[in-house]
Amino acid sequence: MRTIAVGLLVLALLLTPLAVNAAETRYDVIVVGAGAGGLSAAARLTAAGKKVLVLEQHDKVGGFMTAFQRGDYRFEVSLHMLNSAAPGGSLYELLQRYGVTDRVKMHRLDPLYRSIYPDRTFDAPADLAQYEARMQAMFPRDKQGLHNLIRKMTALRKHMMQLGALYTTSGFCRGMKMFFAPFCQGDVVGRIHSTLADLLDEDLSDPRAKGAFAQFWGYLGLPPQRLSALYFTTMWAAYHEDGGFYPEGGSQAISDGLAQFVVAHGGAVRTNALVEHILVEGKKVRGVRLADGSAYQADYVVSNANAPATVDKLVGAAEFPADYVNRIHNSEISFSLAQIYLGLKDRRVLAPLGGNHSTFVNTTYDPQQAWVAGMDGDLDRVNYVIVDYGPADPTCAPPGGTVAVITVPLQYDWAHRWRRDEGYEQYTAWKKHVADKILDRAEKLLPGLRASIAVMEVGTPLTMERFTLNPRGAVYGWAHTPDQSILFRLPPQTPIHGLYLAGAWTFPGAGQSACLLSGEMVGDMIVKAMGH
């Protein structure tokens with residue numbers, strides 16, 4: 001009963017201001033999309049006293065930072081773990097500013113993850129020194145190389161963080177930072193075009209050590225041969241230096257907390273509100289029009305929608321310079337994922353995972369081979385990740401049960417768009433076929449898994465596209481190649497005066513922590529642009 005009462009109170013807090021503001025049509029800032037970037041932008045702006053309206057096409061806030069309920073089981077949509085979520089970390093400080101740390105309990109994950117390879121299983125300690133020692137014991141030929149590589153990556157991250165405020169400064173200061181960067185952050189600038197494979201090759205000779213060290217490549221959707229060395233380094237060092245965390249209540253709890261802050265500080269949040277057009281006049285933003293015909297005015301709009309749709313559909317390519325439109329059309333969109341959501345009656349079936357939150361199941365040490373298997377839809381060889389949410393989030397399932405999610409990198413166009421082009425029945429049958437094949441493999445690791453399933457849902461790249469409107473169900477925005485990462489990421493400020501981007505498609509990039517930081521950064525830019 002207490003849980004129901006709290007839920008009703010939260011709902012009242014969210015809905016009451018919306019009714020009060022229902023007749024309002026003029027705002028300081030309108031935020032299109034209530035994903036991580038949109039919510040954190042709105043929080044920053046309302047904290048500064050700005051009148052903000054958030055419009056979300058889905059029936060709940062969060063975007064990829066959300067959850068859904070099936071019976072007694074609550075399923076996390078995308079989050080595996082967060083970095084920098086302990087006191088002193090950049091994400092913690094952001095969430096603290098907006099009251100989320102008072103509402104949401106973070107669980108530190110130790111071990112950080114488990115890796116399973118054909119010849120061994122090892123748990124990655126959360127402590128960086130212990131991780132280094134574990135890796136050196138497994139790959140003695142690269143003992144010194146591992147030490148050198150870890151020192152190099154932690155130094156790179158430090159210098160990357162010094163460049164992190166690049167887009168929040170004035171044009172003059174930004175130019176000065178760029179001018180002095182080769183002298184102050186020469187190691188960063190010198191690696192701006194490097195792949196992760198380039199970085200690993202400098203210090204490691206054992207292919208198995210390279211593959212094991214690059215385990216997090218799956219979190220960014222590209223193998224080392226194509227993945228930005230600097231973006232991987234930023235993520236890798238954030239997890240290994242600051243730790244990995246999971247919020248009790250899931251990522252939805254963070255989204256709800258940010259939305260509550262926005263409403264409590266005078267903002268309005270509308271769900272089931274599909275923005276059809278961002279209004280532009282004379283290369284300046286004027287507001288938005290919704291699919292239901294209603295319109296709202298503002299001199300600033302933050303688009304947390306995907307960048308291609310923002311340009312081509314919401315605004316119209318004709319409003320942008322040709323080189324900007326060409327950049328949008330010629331950039332590579334990241335790949336997507338399939339997910340098998342399992343509500344389990346008896347969590348003891350996951351005992352072989354050793355209590356780990358995340359377990360990477362690898363068929364090979366070579367990420368390139370694993371990536372190709374995913375691209376080809378080779379269900380016998382593709383890697384997968386299984387996450388056991390119960391230990392860190394006991395409220396996700398009934399007592400004794402748990403929620404597990406198996407994530408598999410399979411593509412949007414695979415098998416004629418998952419046979420969807422052949423009809424809905426064929427699509428449903430193909431989803432079942434895929435789930436059965438992956439569950440056959442998982443049950444070899446987890447005997448009795450099928451017998452424990454109370455609820456199962458299968459999400460595909462088409463599911464991702466349907467609920468987020470991201471083209472091809474893209475999970476990471478633009479692919480994180482070197483020429484689309486860091487300073488080459490699409491900047492937050494667009495050529496349209498007053499129109500900004502937030503989220504995975506813009507700087508700094510993909511991942512919930514990065515998207516939250518992106519939104520706050522954009523909010524700060526707008527506050528400065530407004531002059532107070």
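Where in the chain are the DSSP H helices whose C-alpha atoms run 20 Å or more along the long axis and whose mean Kyte hydropathy is at least -0.5?
2-20, 250-264, 512-529
Out of every Cα-Cα pair in region 64-134, what percent are more than 14 Å apart?
Value for region 64-134 (Cα pairs over 14 Å): 73 percent.
Which lysines, if any, have their Cα less than 25 Å from the Cα of residue 528, not counting same-chain residues under 8 positions apart?
Reachable lysines: 50, 51, 177, 283, 284.
By how many nm would the segment from residue 318 to residue 364 grow when fully extended, if each residue of separation counts as 0.36 nm and the alpha-carbon distance is taken off?
11.8 nm
Can you give me the long-range amide H partners of residue 300? Hydrogens built in the peptide plane at 1.01 Å from N, cutoff under 5 Å, separation of 5 or more residues or another chain.
Excluding prolines and chain starts, which carry no amide H, the hits are 30.
Tell me the relative contact order for region 338-468 as a rounded percent, counting alpha carbon contacts under 8 Å between residues six or more apart.
37
Just grab the label-to-label distance for residue 141 and residue 428, each label 7 Å out from Cα along the Cβ direction, in nm (one decimal).
Spacing of the two 7 Å Cα→Cβ label points: 5.3 nm.
Figure the gain on full extension for residue 346 and residue 376 (residue separation times 0.36 nm, minus the Cα-Cα span) and round it to one decimal in nm.
7.4 nm
How large is log10 I(q)/I(0) at q = 0.15, 0.19 Å⁻¹ when the Debye formula is applied to the Cα atoms of region 249-311, each weighted equally and without solvent?
-0.60, -0.89
Suppose each label sits 7 Å from its Cα in the direction of the beta carbon; what would the residue 466-residue 133 distance come out to in nanometres?
About 5.0 nm separates the two model spin labels.
Pull up all non-local amide H partners of residue 86: gap of 5 or more, or a different chain, and H-to-H distance under 5 Å with H placed in the peptide plane.
Those lying under 5 Å, H to H, from residue 86 are 92.
Straight-line reach from residue 143: which lysines fall under 23 Å, measuring Cα to Cα and dropping same-chain residues less than 8 apart?
Reachable lysines: 152, 210.
Around residue 107, which amide H atoms from residues at least 5 apart in sequence, or from another chain, sit under 5 Å from its own amide H, with H modelled in the peptide plane?
246, 248
At a Cα cut-off below 16 Å, give the aspartates and glutamates reachable from residue 345, other chains included and same-chain residues fewer than 8 away excluded.
Within the straight-line limit of under 16 Å, residue 345 reaches these aspartates and glutamates: 72, 388, 393, 443, 457.
Rounded to the nearest 5, what % of DSSP beta bridges with both residues in the chain are antiparallel?
70
Once the Cα atoms of region 338-468 are picked out, what are the Rg and Dmax in Å?
15.0, 42
Could you tell me the calculated FRET efficiency between residue 277 and residue 530, based on Cβ-Cβ distance and R0 = 25 angstrom, to the nearest 0.05?
0.60
Using unit Cβ charges (K, R positive; D, E negative) and no other charged atoms, how large, in debye to the nearest 20, is the dipole of region 338-468 about its Cα centre?
320
Quick check on the chain: what does the Kirkwood estimate of hydrodynamic radius come out to from the alpha carbon pairs, in Å?
23.8
I need to check one value: relative contact order of the chain, counting alpha carbon pairs closer than 8 Å and at least 6 residues apart, in percent.
With pairs under 8 Å counted, the relative contact order is 24 percent.
Suppose every Lys and Arg Cβ carries +1 and every Asp and Glu Cβ carries -1, with no other charges. What dipole size does the chain come out with about its Cα centre, to the nearest 20 debye?
560
Quick note: the coordinates plus some simple rules give every number you see, no bench work behind them. The model shown is predicted, which means the values in this text are computed figures rather than measured ones. Virtual Cβ from ideal backbone geometry, glycine too; neighbours counted across all protein chains shown.
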